[in-house]
1. Within region 510-542, work out how many residues are in contact with a helix residue (DSSP H, G or I) (Cβ under 9 Å, 6 or more places away or on another chain), under 24 Å from Pro278 (Cβ atoms) and surrounded by 16 or more Cβ atoms within 10 Å (Cβ to Cβ).
2. Is it fair to say Tyr477 is within 27 Å of Gly284 (Cβ to Cβ) and not in a loop (DSSP other than H, G, I, E, B)?
3. Which members of region 271-325 meet the condition of being of a type in the set (Phe, Trp, Tyr) and touching a residue at least 40 places away in the same chain (Cβ under 8 Å)?
4. Tell me, which residue of region 287-327 that is within 30 Å of Ala581 (Cβ to Cβ) and of a type in the set (Phe, Trp, Tyr) is surrounded by the fewest Cβ atoms within 10 Å (Cβ to Cβ)?
5. For Gly213, are the conditions met, namely being at positive phi and without any contact (Cβ under 8 Å) to a residue 60 or more places away in the chain?
6. Tell me yes or no: at least one residue of region 355-371 is over 29 Å from Tyr273 (Cβ atoms) and among the acidic types (Asp, Glu).
7. Do we find that Ala771 is within 12 Å of Ala706 (Cα to Cα), buried (at least 20 other Cβ atoms within 10 Å of the Cβ) and in contact (Cβ under 8 Å) with a residue 24 or more places away in the chain in this structure?
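The values are calculated or read from the model by the stated rules, or taken from the named source; none is laboratory data. Computed from a predicted structure; not experimentally measured. Note that each Cβ is placed from the backbone with ideal geometry, even for glycine, and that neighbours are counted across all protein chains shown.
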Amino acid sequence: MKSNSTLFVHQTAKTVLITSVALALLLPPGLAAADSISVSSNTSVTQVSTQSAAPATTTKSEADPAKVKFTQEQAIAKLKELFPSLKDATVNNVQLGSNQSYPAPANQMIWHIQWQVQEGNMGYGFSSEVDAINGDIINTYLSFSQEKNESYYPPKVSQTQALEIAKTFVAKAASSVKSSELQLNENVGYSYFSESLFGPVQYGYNFSILKNGIPSGSDSINIVVDGNGTVTQFSKSSQGLEYPSAQPKITLEQAQKQFAEQFDVGLFYIPIYKNGKPNNWILGWRPIDQSLYPIDALTGKRIDYEGKESVSTSVVYSEVAKSKDVFQARNSSTELSAKEAAQLVEKVAYIPADRKLISQTLRNDYQDSERKIWQLYWGSNGNDRYIGAGFPEQSSAEIDAKTGEVLQYQVQAYGAIQDKKKEEPAPAGGKKLSEAEAKVKALSIINSLYPQASQKLKLVEYGDNSSLTSDGSGYGYQFIRYHQGIPVSDSTITVSLDLYGRLTSYMGNRISGIDGITLSPDATISKKEALESYKPKYQTKLKYTQVGGYNTYSNYVAPKVKLVYDTTFDESNGLNQVLDAATGKWVAVYDYLGQQDAQLSATDIKGHAAERELSELVNHHVITPDADGKVNPDQEITVGDWLSYLAKASSPNFTNYYNNNERKTVAGVKPENSYYDAVIFAADRKWINKDESLQVESKLTREQLAVHLANFLKYNKLTAYLDKDVTVSQFSDSSAINNKGAVALVVKLGLLKDDNGKFNPQQNVTKALAASVIMKLVELQGKTDQIIGQ
């Protein structure tokens, strides 16, 4: 019998888990968990008795005031000592333990402290957490007003100096952790230098905490230090999980041998993501997920991501026979109503009898911004107050508002904890299905839900393994999308049935563009060559790892720690790389915050007059070297290039802001234009007029650059008063300058200068000049009346 997670193949599940972790690490560590803005100014502090003695640790999901060793007063005082900027904040609320999230944290012996900052009529808040047993800081994210106009560049402390500050701070903030137990993670995505050129400089570091001398994949510390040397964010894992023995039962050599014998790769069409969306495809070799499962060092058996034993078997892709009931898209120009969408779900899925429709939202699809979907929730009386808050007793669905396709369904929207899972009543007159009957039912359901399922999908099977879920509560099946006889990576559908054949979960990755793949299905690189390329890139190490801690098939899998031998892929040349089956080159699957080109360095700027400026823009991923490492510094740029540079310098992740918005023509630029995201970003910030017709493909001239700079700095009105300024009239070619005020402004600010008494207004701007101007803008921060880059 296979476990639930065995149903995820070809790194699908692992990719989901890794992506979640990667996002958390690539963002400032406290950002993802930061509290929302608050305008309340009421203050209430919950007083808690702390008189009784307490054991050193607790993992029970209940807060016990009698066990407190580090009082709330001590916690507040420690936070104020470590974060001097808290002198401007007041304590809004203090609570021991928390039941505001689902599932409730295992370690409830934590002080949750709410801070409030009031500035005139505006107020905002954030939170801190402190261990009530040992006094360690668990989490603090200082969210003070960003309306400051300061000089950030060059930073007062270097990245090396910031690291020493971070280590010193950790020793004070988490005194239970010895310095010898800290291990800095230096891989891409763990330690980072703030990507944005405009605004505060930030250095982020991630430390693994050694347990019994072994690196832990569960316990870690994240810390952010700004360019002034001030710690602004700190987080330390606090789940309180138990660690097994550090003495392995099998040797490293035995684990390495097992990995080498069982490692396998498969040929797939693989999407290459840019800004979170597939924008290209390759035919590539990538590891089969089961062959990367860790080996339990205490049993010598492979385990899956729930920690259950996994039997490695060959994967078989079976045809999906066409059934009588197949999906038929609506043929209507109008959108479904919420009631009609709900009826489509209720027709095919099991919704507990005590639940009614409590929420309906029509929105853009997160995975495809061109698609409108209904987001529906069913719940029992009273829990309409908890929609989206992780409340478990809810069913959820997403339905295409035009076609009527049910895109996803879960009988438990947030997963039910196994030991608290309520057994649903049997249907009237229903009988439990055998595995053979359940498979027939699953095939019928996938035909009724997925367009052209029999032509586009195949059933993933694992030899003699059972489809019965690991807890025995139902059956689970996985289907994978096929194109031109090749499976499509990251494009899977999972179907879960209860023992009576009722649909309890229908989930999948909705990747657009599959039907448009025109790549040949024939690989130039053989499987043998792919294996030879992959194997040297893996290293087997002994470590502690966390399994569980996420939802699968509408169940929540509790986290626990295992001692394992795990494989580590060499990511020195980039994250998440796969082997192109046509070229034999390594290709990065994701390009998040510039990670795809993180290791590229410019090869053609050495000795250039703008070498320093170009290097800074390359380091911050504003300008990306080509495959040969060339920047081409003297290459002329377009208007669209300039807006893209500014957008990246202001917010490297800017393209993700608009994925789910309705995409309309802006400034004459259509959504399909490659510069569209930069244009809409610039229009939102009034760097350009959204109603003008912008020629983004045309070469940018020096005079146009002057006008763009005046708009970017929000001084475009001021330029009218500089129209007759002597700064311009002294140029020998002043008569050729139309926007004299804009030119006067940028020359006075030192952003542009003359060339032998000429301004050369119609001369095209090069990458080198653009880099020099951007770095002058960076250095101008704090010296203008407006905040630069906002």
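1. 3
2. Criteria met by Tyr477.
3. Tyr273, Trp281, Trp285, Tyr305, Tyr317, listed by residue number.
4. Looking at the filtered set, the residue picked out is Tyr317.
5. So Gly213 fits the description; yes.
6. no
7. No.
For every residue, the table says whether it meets (1) at pLDDT 95 or above; (2) out of contact with any Cys (no Cβ under 8 Å at 6 or more places or on another chain); (3) surrounded by fewer than 19 Cβ atoms within 10 Å (Cβ to Cβ); (4) among the polar types (S, T, N, Q).
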| position | (1), (2), (3), (4) |
| --- | --- |
| Ala602 | no, yes, no, no |
| His620 | no, yes, no, no |
| Asp628 | no, yes, yes, no |
| Asp634 | yes, yes, yes, no |
